[in-house]
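Right, one structure below, let's go through it.
Readers should treat all values here as calculations from the given coordinates under stated rules, not as data from a laboratory. Model, not experiment: these values are computed from the prediction. Neighbour counts run over all protein chains shown; Cβ positions are idealised from the backbone, glycine included.
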Amino acid sequence: MSDTSNEPSLRTLRSSDGISLSGSVRVPGDKSISHRALLFGSIAEGLTTIEGILPSEDPISTADCLRSMGVSISPIVKGQVVSIRGVGLDGLKEPEEVLNCGNSGTTMRLILGLLVGRKGRHFVLTGDASLRRRPMQRVGQPLKLMGASVEGRSNGNFAPLAVSGKKLRGAVIGTPVASAQVKSALLLAALTAEGSTTVIEPAHSRDHSERMLKAFGANLEIVGEIGRQIRVCPGAILTGQKIIIPGDISSAAFWLIAGALVPGSEITIKNVGLNPTRTGILEVMQKMEAHIEIINLRDIAGEPVGDINVKYTGILKAFKINEEMMPRLVDEIPILSVAALFCNGETQITGASELRVKETDRLAVMTRQLKAMGADIQEYPDGLTIKGPQSIKGCALNSETDHRVAMSLAIASMLAKGTSTLQGGEAASISYPEFWEDLEKLQTRTNS
Ligand code: S3P
């Protein structure tokens, strides 16, 4: 069991040893959709309301940046509907201060796309130490093809970044990586460019921007093969919407794996977003022959949503993940690497080099932390190989400031023999502020 005291930095995590996880849980709102609702609502005309927003640090960074540019956004508080008074496509004011994107790559990359076309206005963006090390040229470079001016350290690759707003021209742009952040930045820039813009992705990344921009009234069309080409024609006025955000499958992932692996467990995760560009973990769990069932499948505000039931069923099968699948489960690799330790056979994760430029180098950090628990893992430039089943032991762990690492190590600790300590568990609050409370609740219920 975990120690739920408010001790900020060091947590004691005990092995599950006879304790299973059971009951139902509602994970917080989808992080990707939360950012987009705030951004698109701000440049729409009229009122946008958002129900189910993720009340955590990353969306709060996005909201604070938008407020600095004159948008009125009500406080982001758990359980409260957020209201935005949109300022229209050209209404964002030049901020008097540096825009601080905190730990959030989505905030920085999407806001870059939003700002580059604001002619005559000047913006400076920065973030925390992790964000200042993450590559921004992947956004700045294609935006330059539209006439944008983005400067920063290392030839524009690292924040702090300076943007001089320019009149942009539409273009046909092939993105270098299958990244929804890069794609979304280009779509946002395209809204105010001269002429149409077509974005062509190497693989189909999450499509929340496309769905939501269309709902706001943008002139956006999906052309060509399996959603990989998106064309935006400027000129359409965006109109405020009522948005309902489902739970984040990337947060549900921790309970999916814990429920499948901790003996005796059965968990129902309610209200989870099941957009097919995000459900790679369910594909993998089917290959593992885990017992998962989707119930109450429905459509809410343009996104598929359902409840997921997961049950422990004994030893599972090893799996393979390749580059083609990566965009559909990119944020789930840390928890899937924990799962692989307990599966029978050799798990191979390839095409995962993007993990090296997330909040931390997640391939290196997960390898380091799981090795400290005694795991046998081979790390390659673009992935991991893990032979299972193996047993791991409790030890001194560190999230290395990464939210998804913190939560993955919590589940690993339950599956280990003996007690672990976790430094930096508070990082979980970046995407799942109540993770530790939910872990405790799911555990205590079976004890009662
Ligand atoms: C996100 C896209 C993904 C993901 C990130 C959120 C988004 O990043 O890892 O957590 O909201 O667009 P990339 O688009 O860079 O792959």
Original post:
Which entries in 417/441; 166/242; 144/183; 144/242 show an alpha-carbon gap greater than 25 Å?
Top reply: 166/242; 144/242
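Using Stokes-Einstein with the Kirkwood hydrodynamic radius over Cα pairs, what translational diffusion coefficient do you get for the stretch 114-241 at 37 °C and a viscosity of 0.692 mPa s, in µm²/s rounded to a whole number? Don't skip to the end; give the middle numbers.
Numbers: Rh = 14.8 Å.
D, rounded to a whole number, is 221 µm²/s.
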**OP:** Decide, for the stretch 92-161, between rounded, prolate and oblate: order the square roots of the alpha carbon gyration tensor eigenvalues as a ≥ b ≥ c, take rounded if a/c falls under 1.5, and otherwise choose prolate if a/b is larger than b/c, else oblate.
**Re:** oblate
**OP:** Hey, for a label at residue 315 modelled as a point 7 Å past Cα toward Cβ, could you say which residues of the stretch 391-420 have their backbone N under 17 Å away?
**Re:** 391-392
Original post:
Taking only C-alpha pairs under 8 Å that are 6+ residues apart, what is the relative contact order of the stretch 31-244 in percent?
Top reply: 21
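Which percent, to the nearest 5, of DSSP beta bridges fully inside the stretch 31-244 are antiparallel? Please list the in-between numbers first.
Values: 25 of 35 bridges.
Close to 70 percent.
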**OP:** With a cut-off of 17 Å, note down the residues of the stretch 18-56 whose backbone N falls inside the zone around a label point 7 Å from the Cα of residue 419 toward its beta carbon.
**Re:** 18-19
**OP:** Along Cα→Cβ, 7 Å out, is where each label goes; now give me the distance between the ones at residue 64 and residue 324 in nm to one decimal.
**Re:** 4.3
Subject >> Calculated P(r) tail over 29 Å for the chain, as whole % of Cα pairs >> reply: 45
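Once the convex hull of the C-alpha atoms of the stretch 1-98 is built, how many Å³ does it hold per residue, rounded to a whole number? Please list the in-between numbers first.
Working: hull volume 13.0 nm³, N = 98.
Residue-normalised Cα hull volume stands at 132 Å³.
Compute the FRET efficiency between residue 144 and residue 283 as 1/(1 + (r/R0)^6), taking r as their Cβ-Cβ distance and R0 = 30 Å, and round to the nearest 0.05.
Numbers: r = 36 Å, r/R0 = 1.21.
Efficiency for this residue pair is about 0.25.
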Original post:
Where the centroid of each part is defined by its Cα atoms, how far is the stretch 204-263 from the stretch 51-100 in Å?
Top reply: 19
**OP:** Write out the GluC sites (Glu not before Pro) in the stretch 93-200 meeting two conditions: DSSP loop, and at most 14 other Cβ atoms within 10 Å of their Cβ.
**Re:** 96, 97
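Would you mind ranking 432, 380, 312 so that the residue whose beta carbon has the fewest other beta carbons within 10 Å leads the list?
Values: 432 24, 380 13, 312 20.
Fewest to most other Cβ atoms nearby, the residues stand as 380, 312, 432.
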Subject >> Spin-label model distance (nm) - residue 379 vs residue 295, 7 Å beyond Cα toward Cβ >> reply: 4.1
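Round to the nearest 0.05 the FRET efficiency obtained for residue 97 and residue 221 when R0 = 30 Å and r is the Cβ-Cβ distance.
Details: r = 37 Å, r/R0 = 1.25.
For residue 97 and residue 221, the calculated efficiency is 0.20.
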Subject >> Spatial separation of Cα centroids for the stretch 266-313 and the stretch 378-448, in angstrom >> reply: 21
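Pulled fully out, how much extra length does the chain show between residue 74 and residue 350, if you take 0.36 nm times their separation in residues and subtract their Cα-Cα distance?
Numbers: separation 276, 0.36 × 276 = 99.36 nm, distance 4.27 nm.
Going from the current span to full extension adds 95.1 nm.
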**OP:** Please report the relative contact order for the chain, taking Cα pairs under 8 Å with a sequence separation of at least 6, and give it as a percent rounded to a whole number.
**Re:** 19
**OP:** Would you order 255, 436 from fewest to most other beta-carbon atoms within 10 Å of each residue's own beta-carbon?
**Re:** 436, 255
Original post:
Which parts of the stretch 275-317 would a label at residue 441 reach, counting a residue when its backbone N lies under 16 Å from a point 7 Å out along Cα-to-Cβ?
Top reply: 308
**OP:** Report the dimensions of the stretch 31-244 along its three principal axes from the alpha-carbon atoms, largest first, rounded to Å.
**Re:** 40, 36, 31
**OP:** Using label points projected 7 Å from each Cα along Cα→Cβ, tell me how many nm separate residue 47 and residue 155, to one decimal.
**Re:** 5.0
Subject >> Computed FRET value (nearest 0.05) for residue 83 with residue 169, which takes r as the C-beta separation and R₀ as 41 Å >> reply: 0.70
**OP:** Work out, step by step, the length gained on full extension between residue 357 and residue 236: first 0.36 nm times the residue separation, then minus their alpha carbon distance; give nm to one decimal.
**Re:** 40.1 nm
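Counting other C-beta atoms within 10 Å, which of 284, 98 has the fewest, and how do the rest follow? Write down the numbers at each step before the final one.
Details: 284 24, 98 15.
By the 10 Å Cβ count, ascending: 98, 284.
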